[in-house]
Amino acid sequence: MKMSLFLRWSWRDLRERWLQVAAIALIIALGTGVYAGLGSSTPWREQSYDDSFALLNMYDLRIRLTEGSYLEGDELLSTVQSIPHANWIEAAEGRLLTPTLVEVKDGDETILVPGRLMGIRSNTQVNGIDIKKGRGFTDQDAGQDRAVLEYLFAQHYDLPAEGTLTLSGDKKLTYIGQGMTPEYFLVIANEVGFMDESNFAVVMTTLETAQNLTEHPGQVNDLVLTLKKGADRKLVQSEIEQALGAKFPEVGVTLQQAKDDTAYDMLYSDLEGDDQIFKLIAYLFLAGAAFGTFNLASRIVEAQRRQIGIGMALGTPRRLLAVRPLLVGAQIAFLGVFFGILIGLMISRVFADFMRDILPMPVFEAPFQMGIFAQAAVLGVVLPFGATLYPVWRAVRVQPIDAIKTGYLVSKGGGLAPKLAIVRLPGKSFTQMPLRNLLRAPRRTLLTLLGVAMAITTLIAMVGMLDSFFATIDLAKDETLQDHPDRMIVTLNSFYPVDSQPIEAIRQLPELSMSDPAMQVGGELRRGDTKFEVAIELLDLDSKLWTPTITKGELPVGKPGIVINEKAAHDLGVEVGDKVTIKHPQREGVMSYLMVESEIEVVGIHASPLRYQVFMDQSQASLMGLDGLTNILYVNPVKGTDETDVKRALFDQPGVASTQTVASFTEVFEDSMNMLIGFMSIVVVAVMAMAFLIAFNTTSINVDERAREIATLFAFGLPIRTVTRMTMIENLVTGILGTVVGLILGFLTLTWLMNERINTMMPDVSMTITVSVLSLMIAVILGVVVVTLTPLLSIRKMSRMDLPSTLRVME
């Protein structure tokens, strides 16, 4: 009976303040929904990745020959199988990978993009193919002009299951199906880069066919292998390195594990970063809900203070007196959690469908995560309910006589108001009163301020991430395009002398107005224990076509030195004038390249936000034994010439592997960022809703809390417009202070997110941390304008106020 009575009382309290209850419950629902819906994605994403890689037998070790190097496949395989612990090797297969241009015709549309030809065994046991459409290879396809087209590329252009395609040199293949292979669960054009399924086509064919097309019969430049369970991976890797070094001392070899694969690393590294961002968003929501609940609980307890005092005077145990307000907090929390679970289920389903669309992996299941939803429910209950404990504890610990004597929230000169007496304020009493009200109840003012600040903090953190992404994209565009936005890069299938006939034929094409031979090779920068892969470009740094913009130091025109970006310098801990170790290829003989290390001085810092871009002058080609050679050309089309016309003209040129505009690199970067931007936009909308709810809730509670004061003012004849204006001035001051605090905390949160989480998720990008003027305006509108105008929503309630009842209830 007691519990039934308490429940009826608490329901009455809830009904009296149903708008405030609904606002807090909705904030709790958003917080628990985000935590449960997005947080639960991490376990099933990780399990789907594990199952997909296992299903297709992802390699354990991969042997990559230095660019331009080839070995006899049987000889390479036998060398690997000659190591002391060869019995640990489960399967090993040689492959041949080479860049190419890919042309696919779909009706009247012609798709012409750069890509990669991948020659594999027809009955491959390592890095298998998950066929999505059509069929896969059989033994009868070995050596035939047949291929399987990478599925994400085909899906992007909605290509049929079977068709024909053309590679560089007018070499035609029939693709018999579409499929996915582990290295291209995410389509990455380069070893360092971004998702690129719209502009990069992987063509998988049998090893024999690839060898015939590239005129490398019996040769390979790549080998993948899997190990038996329990094998010592590091030991096997060490033995392979020693065997290859002894057998092929003139060839550079790089061994990598599955975790070093770009797509593999991006998939798994995103998991931790995403999970932490999702939880941070949820915690900010729940913190806002906790402040709202604390405000409402304080209001309810203060409204019942005299009743609590009478109860204590009559001998009612304090613990029973605490039940009623605690029940209100508990019911608000449970109401929010109930709807939060529903929101979480909806978010989880939408996010799962979104992930399936962009990552149609072989295994992709999204089962209900009971543990994560339970955690969300506990947080959604504990944080808001915990916020009610202090005001309730504070109310029941006073002496009964003090509780009974105390008027309804009337602070008679208390708080910090006396401090203001020594300051002469301008204006009349009604202008000064709002400021005195704020100081008279500093705890109430602080709670309101913190509620607004929490909303602005969350808003700035989320919107600031979008602003930072856009600013980084714009910086990359400006630096890449400069004065020649139509500039294109022509990748060759090997190194050619600069004055060779194939190069001259390209440079003489009527579609081109300018051309600069250059060189691009893969490498690694290292200093101490820090190292990362880079793309080393040797350019004519005195060119009129394009040179990197220098922010520090100088361009090493015609002299030694290396130019890196600001993030690379920061990560390596170097400045202009310091030396770094660069790992790069060095030619040995005609078709062999070793990977060697050289010490080189950092002479400049370039403006690009992409860490992997490293520049040197062409005169330093001797460092690599590549004097007078080139493997890429930067060209500029004749004014008025279409990009497709240039690609078509270069398509039939001997030696051309791929052609694309430099703008496509920034487009790929932008597309990758837009995936995150699209998701963050949804979060931003929710954050803006939360900001409004907190602003409305805190103001509404304050108006209710001051009901007797407002009734007193009305009783003395003040018009409703004056009372509303006074409340608005009070809210204006609170909103300004809360917004300032929120902006500071928001920028600190944004900086942490970008430096700690986004930096981990996208290590090759220097993020420009910024908050746009528009975002600041939105924050000011929500934190100042909305908070200031919120009392207008209470005009109807104040106009219908029963003055005798409002005043009499306190006597």
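Every number here is computed from the coordinates shown, using simple stated rules; none is lab data. Since we're looking at a predicted model, the values are computed, not measured. Cβ sites come from the backbone with ideal geometry, for glycine too, and all protein chains shown count toward neighbours.
I need to check one value: relative contact order of the stretch 74-197, counting alpha carbon pairs closer than 8 Å and at least 6 residues apart, in percent. Rounded, it is 22 percent for the stretch 74-197. Within the chain, antiparallel bridges make up roughly 80 percent of the DSSP beta bridges whose residues both belong there. Rg and Dmax of the stretch 438-516, both derived from C-alpha coordinates alone, stand at 28.1, 88 Å.
Add -39500 (n - 2.57) for each DSSP H run of 4 or more in the chain, then divide by its residues: what number comes out at 222 nm, to the nearest 500 deg cm²/dmol?
-16500 deg cm²/dmol
Hey, quick one: spin label on Glu72, modelled 7 Å out along Cα-Cβ, who in the stretch 218-234 has an amide N within reach, i.e. under 19 Å? Within reach of a label on Glu72, which here means backbone N under 19 Å from a point 7 Å along Cα→Cβ, the stretch 218-234 contributes 218-223. Estimated from the Cβ-Cβ distance and a Förster radius of 22 angstrom, the FRET efficiency linking Tyr157 and Phe354 is about 0.60. Over the chain, Cα pairs under 8 Å with separation of 6+ residues give a relative contact order of 18 percent.
What the Cβ-Cβ distance of Leu789 and Val740 gives, at R0 = 30 Å and to the nearest 0.05, is a FRET efficiency of 0.95.
Of all beta bridges that DSSP places with both ends in the stretch 131-182, some 60 percent have antiparallel geometry. Straight-line cross-link reach from Lys133 at under 13 Å between alpha-carbon atoms covers these aspartates and glutamates, not counting any fewer than eight positions away in the same chain: Glu150, Asp158, Glu162.
Here the relative contact order of the stretch 440-542, from alpha carbon pairs under 8 Å that lie six or more residues apart, stands at 13 percent. Packing order of peptides 324-333, 347-356, highest average first: 324-333, 347-356 (average count of other Cβ atoms within 10 Å over each peptide's residues).
Consider all pairwise Cα distances in the stretch 684-789 and report the whole-number % of them above 16 Å.
Of all Cα-Cα pairs in the stretch 684-789, 66 percent lie more than 16 Å apart.
Distance from the C-alpha centroid of the stretch 536-582 to that of the stretch 287-362: 56 Å, rounded to the whole angstrom.
Between Val685 and Met370, what is 0.36 nm times their sequence separation minus the Cα-Cα distance? Round to one decimal in nm.
Numbers: separation 315, 0.36 × 315 = 113.40 nm, distance 2.71 nm.
Result for the pair: 110.7 nm of gain on full extension.
Of the residues Leu774, Asn493, Thr181, the one whose Cα sits farthest towards the positive end of the charge dipole of the chain is Leu774 (charges of +1 on Lys and Arg Cβ, -1 on Asp and Glu Cβ, taken about the Cα centre). With the alpha-carbon atoms of the stretch 73-204 aligned to their principal axes, the span from lowest to highest coordinate is 57, 35, 28 Å, starting with the largest.
With R₀ fixed at 51 Å, the C-beta to C-beta distance from Asp106 to Ala22 puts the FRET efficiency at about 0.45. Beta bridges assigned by DSSP with both partners in the stretch 540-634 are antiparallel in approximately 75 percent of cases. Label positions at Asp474 and Val382, each projected 7 Å from the Cα along the C-beta direction, are separated by 4.3 nm. Full extension of the chain between Asp542 and Asp499 yields a length gain of 13.6 nm, computed as 0.36 nm times the residue separation minus the alpha carbon distance. For the listed peptides 235-244, 16-25, a ranking on the average number of other beta carbons within 10 Å per residue, highest first, reads 16-25, 235-244. With 19 Å as the limit on Cα-Cα distance, the pairs of Lys234/Lys583; Lys228/Lys259; Lys477/Lys583 that go past it are Lys234/Lys583; Lys477/Lys583.
Taking packing as the residue-averaged number of other Cβ atoms within 10 angstrom, the listed peptides 579-587, 656-664, 543-551 run from highest to lowest as 656-664, 579-587, 543-551.
Say the cut-off is 29 Å between C-alpha atoms; which of Lys132/Lys172; Lys544/Lys647; Lys552/Lys639 go over it? As for pairs spanning more than 29 Å Cα to Cα, those are Lys552/Lys639.
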